[in-house]
Amino acid sequence: MKLGINGLGRIGKLSLWHHVSRKHFSELVVNLGRQVGCGLEDIAASIERDSSYGRLGTYLHGHKGGRVIENLNEAAGTMVIDGMPVTILREARNPKDIKWKENDVRLVVDTTGVFNDPTADADAPRGAMRGHLQAGAEKTILSAPFKIKEKGLNMPADAVTTVMGINDTDFNPSTHSLISAASCTTTCLSYMIKPLLDHIGADKVLSASMVTVHAATGSQEVLDRLPNAGATDLRKNRSILNNIILTTTGAARALALVIPEMKSIGFMAESVRIPTSTGSLIILTLNLQDNLETPIKRDLINSIFRDYATSSPYLEYSEEQNVSCDIIGTPAAAAIIEGTETHTRTAAINVNLDMLNCTGGPSSVQVPVTQTVIYGWYDNELGSYTNMLGDRTVSIAEQMV
């Protein structure tokens, strides 16, 4: 089977790296939808070198790896990367116009971040995710959360959000044509939440919140510039090189699609962008209903993650006192729990029953609550998200007949 990749931004390029290394697919067809530089040589140079991860040859073969791109054919738009044929399309940006059918592509990964509305019609003027299906693909994987723009519309029956190893069995090959692989943050967060819910139970979680300390993304500015007309968040136009920038994340909404138990738990998610190229951190805080005789302690929390990591290929537990550079490129680790920084504190919280209009009984009651703080690292580009996306892509391809 051939694999189509739409877009050659951060996730698109690193997905190409992943699949060239993995060699599950017979050929890669990459759509750029526009001319780049002075031709195919410039595209190859961009593919071959990366400011965060070094050279492709080194990624594939270690320090002895040399140039791995050869046989460039400008007219045909083809090249061979480490023995794998790669075709570059440079004509159509609208998904419905991409030549997937002509290139025998049945499965497409859209990494542009533009076409994320599963309800948008294939013929939408600015393009839509469904356009890939109209162009000949049978299934499309989105490397971002779905975002339904029109209020009141429900998720279509043929669309599903999954995280590999968490709810990938929700995918039905006979029903689902549009698959969201959520986001890097949701992927990490799901592996921080799921072990706790499995062990402690969702009914004991009173509330939860998270902050992701996130590396810069391509949507941010290198230097300050004026905002576009109608822009309401002026911080997005400030330089990421020398600022900590408050922003938003859709991780809470996407998490409920992946772990339905979260719908009954009050959950808040915030994001802070920092001036690093990759490597991010989630700080997760949970308030748990507990008991004072045998309260939940940090050793129990860490043991839950330590045990889960022995059975899951996507969770790692560490007591090595990491910094963000240490986790860059870590293979297929959705989350790396920083066990040295797990903290718990238990206290009896006085609840005023009069405020709840309770009559005929005591005016207050004490409820033991344990607050726990857990730190989880993730390489938001290659190590965590792209490797997870690669596994999800292969697993879907294997279910296509």
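Nothing in this text is a laboratory measurement; each read-out follows from the coordinates by a stated rule. Worth saying up front: this structure is predicted, and the values here are computed from it rather than measured. A quick note on method: Cβ atoms are made from the backbone with ideal geometry, for glycine too, and the neighbour counts reach across all protein chains shown.
Out of every Cα pair in segment 2-156, what percent are spaced more than 27 Å from each other?
On the way: 2877 of 11935 pairs.
Here the long-distance tail beyond 27 Å is 24 percent of all Cα pairs in segment 2-156.
Over what distance in Å are the Cα centres of segment 188-243 and segment 360-392 separated? Centre-to-centre (Cα) distance: 14 Å. Listed peptides 345-354, 72-81, 202-211 appear in the order 202-211, 72-81, 345-354 once ranked by packing, highest mean of other Cβ atoms within 10 Å at the front.
DSSP assigns beta bridges within the chain; of those with both partners inside it, close to 50 percent run antiparallel. Whole-Hz Karplus values for segment 46-61 come out as 5, 5, 6, 10, 9, 5, 8, 10, x, 9, 4, x, 5, 4, 7, 10 Hz, taken residue by residue from phi with 6.51 cos²θ - 1.76 cosθ + 1.60 and θ = phi - 60°; glycine and proline positions read x.
Our Cα-only numbers for segment 185-383 put the radius of gyration and Dmax at 19.4, 64 Å. Amide H to amide H, with H built 1.01 Å from N, ASN31 comes under 5 Å of ILE5, ASN6, GLY7, LEU89, counting only residues 5 or more places away or on other chains. For segment 1-40 versus segment 307-324, the spacing of their alpha-carbon centroids is 30 Å. Scattering from the chain was approximated by placing one identical point on each alpha carbon and applying the Debye formula without solvent; log10 I(q)/I(0) at 0.06, 0.10, 0.12, 0.14 1/Å stands at -0.27, -0.72, -1.00, -1.31. If contacts are Cα pairs under 8 angstrom and at least 6 residues apart, what is the relative contact order of the chain in percent? Reported relative contact order: 15 percent. Annotation: amide H of ASP290 within the under-5 Å range of VAL369, THR370, sequence separation 5 or more or interchain, hydrogens built in the peptide plane. Loop only by DSSP, 12 or fewer other Cβ within 10 Å of the Cβ. Give me the trypsin sites (Lys or Arg not before Pro) in segment 99-149 that pass, ordered by residue number. Counting only loop positions with at most 12 other Cβ atoms within 10 Å, the trypsin sites (Lys or Arg not before Pro) in segment 99-149 are LYS101, ARG126, LYS149. Build a GNM of the chain with springs between Cα atoms under 10 Å apart, and of VAL222, VAL29, VAL109 the one that fluctuates most is VAL222.
Neighbour counting of Cβ atoms within 10 Å sorts the residues HIS63, HIS19, HIS176, fewest neighbours leading, into HIS63, HIS176, HIS19. From the residues ILE274, LEU206, ALA231, which one has its Cα farthest along the dipole of the chain in the positive direction, the dipole being from +1 and -1 charges on Cβ of Lys/Arg and Asp/Glu about the Cα centre? Sorting the options by dipole projection puts first ALA231. The peptide list 225-236, 310-321, put in order of mean Cβ contacts within 10 Å with the highest first, becomes 310-321, 225-236.
About its Cα centre, how strong a charge dipole does the chain have in debye, to the nearest 20, once Lys and Arg get +1 and Asp and Glu get -1 at the Cβ? Please list the in-between numbers first.
Working: 36 positive and 43 negative charges, 156 e Å.
Dipole of the chain, to the nearest 20 debye: 760 debye.
Scalar couplings 3J(HN,Hα) for segment 311-325, obtained by applying the Karplus form with A = 6.51, B = -1.76, C = 1.60 to θ = phi - 60°, are 9, 10, x, 10, 10, 10, 10, 9, 10, 9, 6, 6, 10, 4, 4 Hz; x denotes Gly and Pro. Ordering ILE301, ILE193, ILE296 from the fewest to the most neighbouring beta carbons within 10 Å gives ILE296, ILE301, ILE193. In order along segment 367-376, phi translates into HN-Hα couplings of 10, x, 10, 10, 9, 10, 10, 10, 10, x Hz, rounded to whole numbers, per the Karplus curve 6.51 cos²θ - 1.76 cosθ + 1.60 with θ = phi - 60° and x for Gly and Pro.
Using just the helices of the chain, give the 222 nm mean residue ellipticity in deg cm²/dmol: DSSP H runs with n ≥ 4 each add -39,500 (n - 2.57), and the total is spread over all residues, rounded to 500.
Details: 8 runs with 84 residues, N = 401.
Counting only the DSSP helices, I get -6000 deg cm²/dmol.
Ordered by the number of other Cβ atoms lying within 10 Å of each residue's own Cβ, fewest first, SER363, SER277 fall into the sequence SER363, SER277. Excluding same-chain neighbours fewer than eight residues apart, the aspartates and glutamates reachable from LYS204 by a Cα-Cα span under 19 Å are GLU261, ASP290, GLU293, ASP299.
Annotation: amide H-H contacts under 5 Å for LYS147 (H modelled 1.01 Å from N, sequence separation of 5 or more, or interchain): ASP117. In the chain, a dipole from Cβ-located charges (positive for Lys and Arg, negative for Asp and Glu) runs towards its positive end, and of GLY7, PRO368, LEU292 it is GLY7 whose Cα lies farthest in that direction.
Using C-alpha pairs below 8 Å separated by at least 6 residues, the relative contact order for segment 116-273 is 21 percent.
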